[in-house]
Structures are given as structure tokens and as C-alpha cells.
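A short write-up of the structure that comes next.
The values are calculated or read from the model by the stated rules, or taken from the named source; none is laboratory data. Everything numeric in this text was worked out from a predicted model, so none of it was measured. In this analysis, Cβ positions are derived from the backbone assuming ideal geometry, glycine residues included, and neighbour counts consider all displayed protein chains.
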């Protein structure tokens, strides 16, 4: 799961993909690699001459391509590229930052001056100076390994693949179907006054669909979204997905969901598939263990956290079988990278967040570890989502580890439930600003009766408290049930930044979780019925990735 | 401070002159943002950021594609045009593709203030400093964010349409927190003209709420009479607009389908309570906004009048299919109020809850437009017509449809920020019955 096949220091390999890029910005980017050293020296020297004790200079290029197909109509064919630079300075214990899409010596000089002026504008009324640890000088190149560069695959091939999904859904009886794919390439250059000079490139891809079935007479409808997560990967991620089969299954499941009985609210046992549980990990473990939140830096937006530094190494966050691990080195991880945006090397910085159920560490960027007396400095969790964004602490890949017994399957977990629900696919999510009270839905809710799947429920949401929830975990799947979920769009910060992040998970069993009936919550009177026994439309066989065959 | 009109004309024409396709639309946005952020009573991240985006879409008959770049040199623009034209030629025909709009008339924009555009980082810091110092004096930690934006937006197309609009704005919010007793208070403001910006009363409100909300006690959840301050109202009302599409209704996948009988139209029906009146107006002086949406002119539009649904958003293709006029998504939302103060609303409540703001609102069930979310940063009991002690926060599960049906009284409109989206909104506080507070949250 944590192959570390860096391509550091191999410039030819690091830039190999550039030759296939499409626009003049490719030439621009290639040119920037040559110009970078000179521009960086100029920016950093200027910053130091104006009084900066630390400065860094970032160049970033983001290329995007997306396709959108509605039914059998190709309605979105889009490409884009943005390029720009930023300067961050630390002067007299205060940060200053400025950015522009213009990359010229004159502009960079003015950015340095503006950043220094903003930092100096805080003189005389700061209460605490910002202090950062000294970092090693890292020099090299890194590229995320991918098989097929999605930007080089023909438009026809990609469009035909999406049309195939929609034809399958419509052929199976869907009234409506959307499918889409988004591809992103991030290229980053970083130089700082510690002597780091890094150049990195990574690609990510997110294919998906959503189908809807409608009962016009009853004024009802039901939808089912795909369960393939985005990955740090190339076109092979879309190519190898049996989306045609999943689309047909999705239609069948949406119909079954629309006809299913409404769930009776109350406490029930849940088995939660990795396709749903990754998001629960994200919200109930990922965000609460961000040190900047815990220290109040996000108080005005994302919030703070119940995880305060005094709870380190003492809080029983989950039952003894719960182990949650953070890294920026996992294969195909959306947060995987060689050096973070403070210039910290990520290899060797992997860390447990929850070890045998105990809260073990925070996610940290530069200048944060000392604030809680933690040795070792940053653990490589800094990220800026764009050339014009100030780097802030963002999530690494954070993953729920398999249970100790590798033989445990999803069916084994289900077999241990008398009356409960097997939740598959992620739906709605919401959690309070200190990460206590959460509420999630899903895509499909299979009823479990006497250890076996037995029809479906509709109108299901599960709600609880983060720590209570993880302490209610009494079963985890083995290594073969591990799947890597994730999202392109984790939001944080002011101005808002979005970060891609992966979360691996195995299926988990949770006892006596609070179930809401969402129809009742909206004020409707609902008669809860037993599900009609029907052949299950679930394949919960587990495996390395979601398989709906 | 953004491209001038003549610079925008020149740049858009440069792009259009490079295009050989049948049709082309070019949108240019150019902005300079001042971003000042602080936490624990000290400035943290901040920035002065300028950027430009050129968004070009081209079409050959019903084949089309689009591209965005942020460099304006000839080489980048030529490459972008070449790429997007190649993509459009390869794209399958889209039966729903609409041709470029003809030139048309737009309302005069009211969205620009010279004073706002001229705000410097030094002046921004000077305005924030007394708010931070007030928090220090009060013994609370404060975290806040001020963003000044100045921008221009241009749309031009191959049929000669050209529309240019400049905008300015300042958004400011802060959260004050009392360590002892876990109190938290929030307040905000949003202005177009710097002359309307007064941060110190905003800071004072947040500090007052932080101190007043210490040592919150648990109150039982359930359907409750609530006074929703404008920040909470704007979040809930804006959610309604995501569901007001004509096409979704015609296709049977709107919450509106569950509110009418099969074959019945929702427009003209009293779907909400009599005290619900919502409209949009690009020239409203309190909340001016963009005068078009992708080239479709925005006009003053009634959406809900005394509970009766008056209009739905209709895209160009669907309007053509149905033989009706398109109606763009609004750029602002104004809700009529009865002018009462929040205290007057509270005075009408024997037993209820006062809610400052909401957080993490997410759709739970599109069929009923059911949303969930949480209260945050100032939740208080109301007892016998007066604000009582602080209570722990709640998770709610409810639909804006229910809220607009259950309005007992409303107050004086205000322009504030919300948790979801930054569209200018001018909404009153509301006194609402039967708001579904679903469970208690320990967050404070």
C-alpha cells in the first residue's frame, strides 16, 4: 500500500510527459523550468534584502480537462490551464504573501515588495511572532507514476467511453443519466531560503456517473451515483473500470430503492462499505486532527476541533481494533507528493493518527509542531491549491487500516448482525464545526436480517458522535477488503481552497448507531414496512476495488 | 484594478479575431483581491492577488468546446484557439447546443465603488487592528477574514454582443471565542461601497455573543419555534433557489413534483406561506449584482409573492423547447420583511431558540428538498419573550419549503454573509414555527 518508488533526481523521467502536452503553455512550462532558478534567486534575494528571515517562491501550472455527457448528448468538452507565481515572506515574525499570473522580473519584484509591506504593516501590534523550524535543503524532481497520461488519450476514446456508460443506463431503463470525467495535472516549482529547489508533477482523474429513475404518476424519483473514487492515476483508472456493468446495476438498485420500505428510525447495527466509510474517516478523523484547526486558525470558517493537544496519547478515539494512518506516499493517493508546499520531504514522515484506538498525532505544516511541544517539526502536510493561494495545513492520505485477521470478509461482518443495514456508496454528509455530531447518508441501504442481506431500505441516514462511533466499531475487514476512496474537493481556508485527498478503508461493523428516517425528518408521515424479500442486487464480495460485475 | 472597458474590448476582439469556427463566446474576468486573515488575535495568512481568466467557447454548428487560460500573450491565445477548435470539431453534435446570443440591451450596473477599489493593504490592516484590540481587551480569541475584491467581467461573442461590468466588494466576518466556558460568537458584513463598511460594531457583536454564550446547557431537540437571524435565513432561502428549475420539474425530478398533482403546474400556486415574498433585482442599491447570466439579461424578477410561486429559472434550450422565454438564475435575492427588530420578534416567543447562524448545510433528500446542518456561534434559549441563557448547538433536518410555510413574523432586512455561497442577499430575521432541531451537538 505504500510503495515508495520516487523518481527523484531523474530529470529526464521527471519531464517526460511534457512532450505530449497540448498548448503553448507547455512550451511556457518547459521554459519555466529553465527560468525558474534565476527567477527564484532574484525573488529570494530581494526578499532577504528587504528584511525577510525566510522566504519562498512558488511557480504553479494547473492543466485541466473535463467531459460531460447527458443521456446521449455530449454537452461539455472543456480544457483549461492556469499558470502563475507567488512569494511568501516572513518578516519580523509576520507573514506576507502576494501572487500574480504574470511571471516577469518586474512583477516578481513588485510581489516581494507588496508581501514585505503587508508583513511590516503588522509591526507594533502583533502579540506573538510567527516562528518556523529550520528545514533541510531538498533539491530534486518528483513525478507521480501513472500508466497512461490522460491528456494524451484521444477525445473520441474518452467520449465513447462515457457514451457507453449512458447507453448502458438508458438501456437498463434509466430516465436520465449524467456521466463525466475530470482530469488534472499539477506542476509545481518551489524555492526557499533554506536552499530547497524542487520540481514536481502529478496527475489525478475522476470519472463518474449518476442515473435517475422517475415515477411521474407518484411524483417520485430516485438516483444512484457511481462508486468509483477519484485517484492519483492516469487514464487507466477510467479504462479499467467496468462502468457499463455498474450503470446497469445502478438502475436496478435505484428502482429497488424507490420501491423499498422506509426505514424505522432507532438504534441499529451497521456494516459500512469502504465506498461510504472513507468519507466518514475524512470527516470524523481527518478534519478533527488538523493541528491548525485545533489551535484556532480555522475558527472563523472550518471551525476548531474536539481533538485538543492535551488529548494526545490519551484520548480513546476508537476501539482497540481501530488504526488510522496518515501518509503522502501511498500509491495512487490524491495527497501523494514528494515534498509538501513548505518544502518538507514526505517520505519517512508517515504517521499514525489513531493507534490501537488511541489518538496519536496531529497533521502539521511548518511552524506548528513547536506550538504543542512536539519534536520533529512538520509532518509534511502543507498544500496550496493554486499559484495564488497561501500554503496552509491540508490533509495527507488518511486511511483506516485492515483488522488483524486478514481472512475477514464483508460477508463475515454481515454474518455477525442480526438486524441492521449494510451501507454502500457515499451520499450526503454534514458535521459540526468541532467535529462531534455527524450525519451521513449513502447510495444504497441493504437490510441485514439474521446475518444475511434481505432487500433494501430507503430514507436512511446515520447520525452520531465521532468518538462514540469509532468506539462502537467491533469488526473490520481484512487486507483484501481494503479500497482507496477519496475526493477532489476538500474545502478549507479563507479564501477557500480545495484539496484532493484519498482515504483508504476496509468495511467496518458498528454497533447500535442512531438511524434517522429522512422522510420523517422532512415532516412526512411514513409507514415503515418490512422489506419484500428479493434477490439482493449487492455484490459485497470486497476486493482490491469496487467490483459490480 | 481590473481591465478597463477599452482594454477588455481590445483583448476580447484579439481573441475573437483568432477564431475561425462558426461561433465564439469569450468571457474575461480580471480581478485584484486583498485578503487579510487573522486568528488568535494575530494576522496569519494574507495576500494581494491579481489574476485574469479568459474563457473561450467555440462552435461548429452543434459541435462545441471550451477552454480557459490565464495568460494573454499571443502564443498562448493562438494555441488555446487552435486547441479548442480541434476539440469542437471532434465533439459529437449536441442537439441542445444553442447559437450565440444576439447583441442586446442590459441594465446599468450598480456594482462598482471607486473608494472600495482604492483600499490599500495598509488601510485594510488599520481597519482590522481596533477589532482585534477590542477582542484582546475583552479577553477573547478572535479569528476573522476581510476580503476586498475589485474586478471586471466581460462577455463578447462573434455576433457582436459585448457587455462589460466592474464590481467591488468587501466581505468581513469574525468569530470570537471565550476559552473559559467555551463561548463562541460570530458576526459579519458585506458591502459594495467602502463608505458602508464599519467593522467595529461587527466585532463588538461577535465579542458580546462569545461572552454571552459561555457555559451553554443542553436543551431537548424537537420541532421548535425559532428566531433565525439574517445569516441563517440567507443560507436556508438560497437553498430553495437551487431547486427552482423549470426543466427539473418538467422531467419529474424536482421537489416541486411532490407538491402538485400530476399534470398541474407549480407556478401560480400558493406553495408557501403568505409571509414569504422573494424577488431579485440587479439594481437594488442594497445588494447590486451582475446584470446578466451568460449573456441573458437579468431583470427585476418576482419568484415568490405572498406565498405564491411566480417564476422558475429556465435555460435557453428548455425555453425554446417549451415555447417560453428563458429566465436566468438570479444574481441576488431579496426577501421582503416586516421591519421589526430582532427583539420584537423575540418578544413574540414564549418558548423557543434564537439562532445566530448555520453551518455545513447539505442536501439529504432532493425529493422533499430536505437539508441538514447545524447551529453555530451563538444559540440561545428564548423564554417568555426574552433571550435566556445559552444552549448547546443543534443539528437540524428541515426543508426551506417548510420554513417559508411556517413564518410567523419577519424583521428588518440586512446584508450579511452566510455559510454557503457569497451571492448578495438582503433578508430579514424570521420568526418560524416547528423548525426541526433533530439532535444536540456538543460543539461550542
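Are there any pairs with C-beta distances below 9 angstrom linking a residue in region B:129-146 that is facing chain A (nearest Cβ under 10 Å) and farther than 25 Å from residue B:419 by Cα to a residue that is assigned to a strand (DSSP E or B) and at pLDDT 95 or above, with the two at least 6 apart or on different chains, and if so which?
So the pair list comes out as B:136/B:142.
Name the pairs: first residue in region A:317-339 and without any contact (Cβ under 8 Å) to a residue 40 or more places away in the chain, second residue assigned to a loop (DSSP other than H, G, I, E, B), Cβ to Cβ under 8 Å, at least 6 apart or on different chains?
Filtered contacts from region A:317-339: A:320/A:356; A:320/A:357.
Would you please name the residue that is nearest to the other protein chains (Cβ to nearest Cβ), looking only at residues in region B:33-48 that are within 22 Å of the chain's Cα centre (by Cα) and closer than 24 Å to residue B:7 by Cα?
Checking each candidate, the answer is B:33.
For region B:262-369, which strands (runs of 3 or more DSSP E) that fit wholly inside it have 3 or more residues that are out of contact with any helix residue (DSSP H, G or I) (no Cβ under 8 Å at 6 or more places or on another chain) and under 21 Å from residue B:235 (Cα atoms)?
Once the strands (runs of 3 or more DSSP E) in region B:262-369 are filtered for at least 3 residues that are out of contact with any helix residue (DSSP H, G or I) (no Cβ under 8 Å at 6 or more places or on another chain) and under 21 Å from residue B:235 (Cα atoms), what remains is B:301-305, B:351-365.
Residues to consider are A:186, A:199, A:157; find the one that is more than 27 Å from residue A:274 (Cα to Cα), in the same structural domain as residue A:37 (by TED's automatic domain parsing) and part of a helix (DSSP H, G or I).
Among A:186, A:199, A:157, only A:157 is more than 27 Å from residue A:274 (Cα to Cα), in the same structural domain as residue A:37 (by TED's automatic domain parsing) and part of a helix (DSSP H, G or I).
With the condition kept exactly as written, say whether any residue in region B:361-373 is under 29 Å from residue B:210 (Cβ atoms), surrounded by fewer than 23 Cβ atoms within 10 Å (Cβ to Cβ) and within 14 Å of chain A (Cβ to nearest Cβ).
Taking every residue of region B:361-373 in turn, at least one turns out to be under 29 Å from residue B:210 (Cβ atoms), surrounded by fewer than 23 Cβ atoms within 10 Å (Cβ to Cβ) and within 14 Å of chain A (Cβ to nearest Cβ).
Within region B:15-32, is there a residue that is surrounded by 20 or more Cβ atoms within 10 Å (Cβ to Cβ), facing chain A (nearest Cβ under 7 Å) and within 30 Å of residue A:300 (Cβ to Cβ)?
no
When you look at residue B:339, is it under 22 Å from residue B:188 (Cα atoms) and buried (at least 24 other Cβ atoms within 10 Å of the Cβ), yes or no?
So residue B:339 fails the test.
Residue-by-condition table, conditions (1) within 13 Å of chain A (Cβ to nearest Cβ); (2) at pLDDT below 95; (3) touching a helix residue (DSSP H, G or I) at 6+ places or on another chain (Cβ under 8 Å):
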{"position": "B:164", "(1), (2), (3)": "no, no, yes"}
{"position": "B:177", "(1), (2), (3)": "yes, no, yes"}
{"position": "B:190", "(1), (2), (3)": "no, no, no"}
{"position": "B:193", "(1), (2), (3)": "no, no, yes"}
{"position": "B:197", "(1), (2), (3)": "no, no, yes"}
{"position": "B:202", "(1), (2), (3)": "yes, no, yes"}
{"position": "B:207", "(1), (2), (3)": "no, no, yes"}
{"position": "B:211", "(1), (2), (3)": "no, no, yes"}
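The conditions are (1) over 25 Å from the mean Cα position of the chain (by Cα); (2) buried (at least 24 other Cβ atoms within 10 Å of the Cβ); (3) assigned to a loop (DSSP other than H, G, I, E, B), and residue A:395 fails exactly one of them. Which is it?
Exception for residue A:395: condition (1).
Please enumerate the residues belonging to region B:44-74 that are at pLDDT below 95 and in a strand (DSSP E or B).
Those that are at pLDDT below 95 and in a strand (DSSP E or B): B:44, B:45, B:46, B:47, B:48, B:49, B:50, B:51.
Counting just the residues of region A:227-257 that are touching a helix residue (DSSP H, G or I) at 6+ places or on another chain (Cβ under 6 Å) and within 21 Å of residue A:148 (Cβ to Cβ), which one comes out surrounded by the fewest Cβ atoms within 10 Å (Cβ to Cβ)?
By that ranking, first place goes to A:244.
Within region A:521-544, can one find any residue that is at pLDDT 65 or above, crowded, with 16+ Cβ neighbours inside 10 Å and within 20 Å of residue A:438 (Cβ to Cβ)?
Yes, because at least one residue in region A:521-544 is at pLDDT 65 or above, crowded, with 16+ Cβ neighbours inside 10 Å and within 20 Å of residue A:438 (Cβ to Cβ).
If you check every pair at least six apart or on different chains, which have Cβ atoms under 9 Å apart with a residue in region A:37-53 that is outside the structural domain of residue A:95 (by TED's automatic domain parsing) first and a residue that is not in a helix (DSSP H, G or I) second?
Close Cβ pairs satisfying both conditions: none exist.
Pick from B:258, B:243, B:252, B:203: which is touching a strand residue (DSSP E or B) at 6+ places or on another chain (Cβ under 7 Å) and outside the structural domain of residue B:135 (by TED's automatic domain parsing)?
B:252
Kindly indicate whether residue A:121 is over 27 Å from residue B:53 (Cβ atoms), buried (at least 21 other Cβ atoms within 10 Å of the Cβ), free of Cβ contacts under 8 Å to residues at least 60 places away in the same chain and within 11 Å of another protein chain (Cβ to nearest Cβ).
The answer is yes for residue A:121.
Can you tell me which residue is surrounded by the fewest Cβ atoms within 10 Å (Cβ to Cβ) among those in region A:124-136 that are free of Cβ contacts under 8 Å to residues at least 60 places away in the same chain and out of contact with any helix residue (DSSP H, G or I) (no Cβ under 9 Å at 6 or more places or on another chain)?
Residue satisfying both the conditions and the ranking: A:124.
Has region A:80-97 got any residue that is more than 11 Å from chain B (Cβ to nearest Cβ) and part of a loop (DSSP other than H, G, I, E, B)?
yes
This table checks each residue for (1) buried (at least 24 other Cβ atoms within 10 Å of the Cβ); (2) within 22 Å of the chain's Cα centre (by Cα); (3) touching a residue at least 24 places away in the same chain (Cβ under 8 Å).
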{"site": "B:353", "(1), (2), (3)": "no, no, yes"}
{"site": "B:381", "(1), (2), (3)": "no, no, yes"}
{"site": "B:394", "(1), (2), (3)": "yes, no, yes"}
{"site": "B:403", "(1), (2), (3)": "yes, yes, yes"}
{"site": "B:414", "(1), (2), (3)": "no, yes, yes"}
{"site": "B:430", "(1), (2), (3)": "yes, yes, yes"}
{"site": "B:435", "(1), (2), (3)": "yes, no, yes"}
